[in-house]
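Below is one structure, written out as structure tokens; comments come after it.
The values are calculated or read from the model by the stated rules, or taken from the named source; none is laboratory data. This one's a predicted model, so the numbers in the text were calculated from it and none came from an experiment. Cβ placement follows ideal geometry from the backbone for every residue including glycine, while neighbour counts extend to all protein chains displayed. With ligands, DNA and RNA removed, areas are computed over all heavy atoms of the protein, side chains included. Shrake-Rupley method; radii C 1.70, N 1.55, O 1.52, S 1.80 Å.
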Amino acid sequence: MKRWALNTGAATVVTILGFAAPAAAADNGIETFFASQGCAVGPSTIAAAISHGFDRSAIEDYVAGARAAAKTQKVGDWLVLARDVCEIRPPMVDSELKLSDPEVRQSLVAEDNETNDGYAGCVLDGSKLFEIVQSSRGWTADKANAEYLRMLSAGLVSGDLAFYSPDWLRTPRA
């Protein structure tokens, strides 16, 4: 299994896992969409679902089924879905930066055990990545930072990234 550690600029180390994301993360259905919207169905989440390509009739079918659950609650214009119908998940995040992009690969730096608090691996130099994408893509510092954080968020939600440490009580410093 390949593992690369990433330095997010805030001394966080993350590992890129060399296996597929869990099936739940790969599910792109209506259930998963509303789970990432806080398990609440209302005017703005319905509009967001439609803008993500879900058919209005499919949404209405899902809502009708959710209403049948005993613990689903109606609050004003909103339907708060019961836990047996929907379990909140982190939101789906899109990023213009991908872990496979050449700029990301150029920013990987090998670390040995002595320089990385006893952990060996490849650490992503966030500062270097910011400079590279500002030059190669013409991004401002704010845009580079936002896309970097989105890339990390998308990776954590999808399962492509995970915090890693042999000691589950602490994340190694980078």
Positions within region 95-106 being at pLDDT 90 or above and open to solvent by less than 50 Å² (accessible area, probe 1.4 Å), in sequence order: S95, L97, D101, E103, V104
Given the conditions (1) closer than 20 Å to S36 by Cβ; (2) at pLDDT below 85; (3) surrounded by 15 or more Cβ atoms within 10 Å (Cβ to Cβ), and given that V123 satisfies all but one, which numbered condition is not satisfied? (1)
Output for Cβ contacts, cut-off 8 Å, separation at least six or different chains, first residue of a type in the set (D, E, K, R) in region 79-90, second open to solvent by 80 Å² or more (accessible area, probe 1.4 Å), reads R83/K71; D84/K71
Scan region 1-57 residue by residue and report those that are at pLDDT 50 or above and either touching a strand residue (DSSP E or B) at 6+ places or on another chain (Cβ under 9 Å) or among the acidic types (D, E) (or both). E31, F34, G38, C39, A40, V41, G42, P43, T45, A49, D55
Can you give me the number of residues within region 42-60 that are not in a loop (DSSP other than H, G, I, E, B) and not hydrophobic (A, V, I, L, M, F, W, C)? 7
Starting from region 131-154, keep only residues that are touching a residue at least 40 places away in the same chain (Cβ under 8 Å) and part of a helix (DSSP H, G or I), then list their pairs with residues that are surrounded by 15 or more Cβ atoms within 10 Å (Cβ to Cβ) and among the small types (G, A, S) whose Cβ atoms are within a distance under 6 Å, requiring at least 6 positions of separation or different chains. E147/S95; R150/S95; M151/S95; A154/S95
Which members of region 61-94 meet the condition of being touching a helix residue (DSSP H, G or I) at 6+ places or on another chain (Cβ under 9 Å), surrounded by fewer than 16 Cβ atoms within 10 Å (Cβ to Cβ) and in a helix (DSSP H, G or I)? D61
